[in-house]
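Input: a single structure, listed below in structure tokens.
Laboratory data are not the source of any read-out in this text; all were calculated from the coordinates shown. Every value quoted in this text rests on a predicted model; they were computed, and no experiment measured them. All Cβ positions, glycine included, derive from the backbone under ideal geometry; neighbour counts span all protein chains shown.
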């Protein structure tokens with residue numbers, strides 16, 4: 001039995017044994033997670049919460065819940081990126097940042113803006129210019145399609161739908177590396193790119209050849225990723241010649257590692273370093289303060 005106050009009156013509310021048990025269990029969950037997460041970095045806090053709150057298990061049991069699971073996993077990616085970019089990478093700052101970003105960049109009614117949508121939502125619509133991103137094995141076609149009858153054929157049909165939304169210009173892109181579940185993965189280009197006639201393509205990169213060999217070893221050993229990546233580009237130097245891929249470096253927070261990729265120039269130049277203990281991270285050279293080893 002509990003007391004509950006309404007305005008100036010105090011009433012007695014009868015609590016059922018079931019509700020009391022549920023409230024007690026919820027309180028224990030919060031207290032336990034607070035204790036277990038007190039010394040964890042932000043990405044692991046988010047992952048711990050998703051796992052022990054049973055949100056992941058809950059949606060995994062539901063049909064047609066793959067998109068929700070991907071959204072939850074994207075939260076881990078966002079936390080990982082926030083740690084790299086923010087001076088204060090606490091949970092409170094991350095939540096404050098997320099709430100501010102939620103509506104800050106939304107276009108108002110009648111304003112010119114890019115329209116971001118899924119391929120399914122774009123059916124029946126046409127645009128002068130279309131940007132189709134994420135053309136990588138495992139994304140498009142999605143990895144789940146490999147386990148379904150006619151799954152690849154359905155993904156190919158969606159690819160056709162996506163391409164024919166463009167009236168004038170169609171830009172297709174894929175990433176060599178992508179963060180998933182807070183970890184960097186190296187990808188291979190989608191098989192659908194090889195199915196487009198070469199004379200219909202105009203490559204906007206220096207090397208139009210698609211490398212269909214994954215950066216992982218044939219045995220699936222992820223530990224070989226950084227080594228094979230660094231070996232492939234060991235002779236490439238950054239503009240200015242100060243750094244090169246394959247170089248051993250030392251970071252004050254993350255320790256020793258090896259440079260496996262870079263992009264940008266000037267103040268926007270950043271490097272991808274595979275650290276011995278902290279994993280793979282992208283760092284802005286202007287702020288990273290790396291030391292050559």
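In this simple spin-label approximation, residue 276 and residue 139 carry label points 7 Å from Cα along the Cα→Cβ vector, and these lie 3.3 nm apart. Rounded, prolate or oblate: which fits the range 20-98 when a ≥ b ≥ c are the square roots of the eigenvalues of the alpha-carbon gyration tensor, with rounded for a/c under 1.5 and prolate only if a/b beats b/c? Note, shape of the range 20-98 comes out oblate.
For Cα pairs less than 8 Å apart in space and 6+ apart in sequence, what is the mean separation divided by the residue count of the range 114-214, i.e. the relative contact order in percent?
Dividing the mean separation by the residue count of the range 114-214 yields 32 percent.
Between residue 150 and residue 36, full extension at 0.36 nm per residue minus the direct alpha carbon distance yields a gain of 36.6 nm.
FRET efficiency for residue 85 and residue 65, Cβ-Cβ distance as r, R0 = 41 Å, nearest 0.05?
0.85
Here the label points at residue 286 and residue 21, each 7 Å from Cα along the C-beta direction, are separated by 5.9 nm in the simple model.
Between the beta carbons of residue 99 and residue 164, assuming R0 = 45 Å, the FRET efficiency works out to 0.75 to the nearest 0.05.
With the simple spin-label model, which puts each label point 7 Å out from Cα in the Cβ direction, the residue 121 to residue 193 separation comes to 2.5 nm. Normalised by 2.2 N^0.38 Å, where N counts its residues, the alpha-carbon radius of gyration of the range 114-214 equals 1.10.
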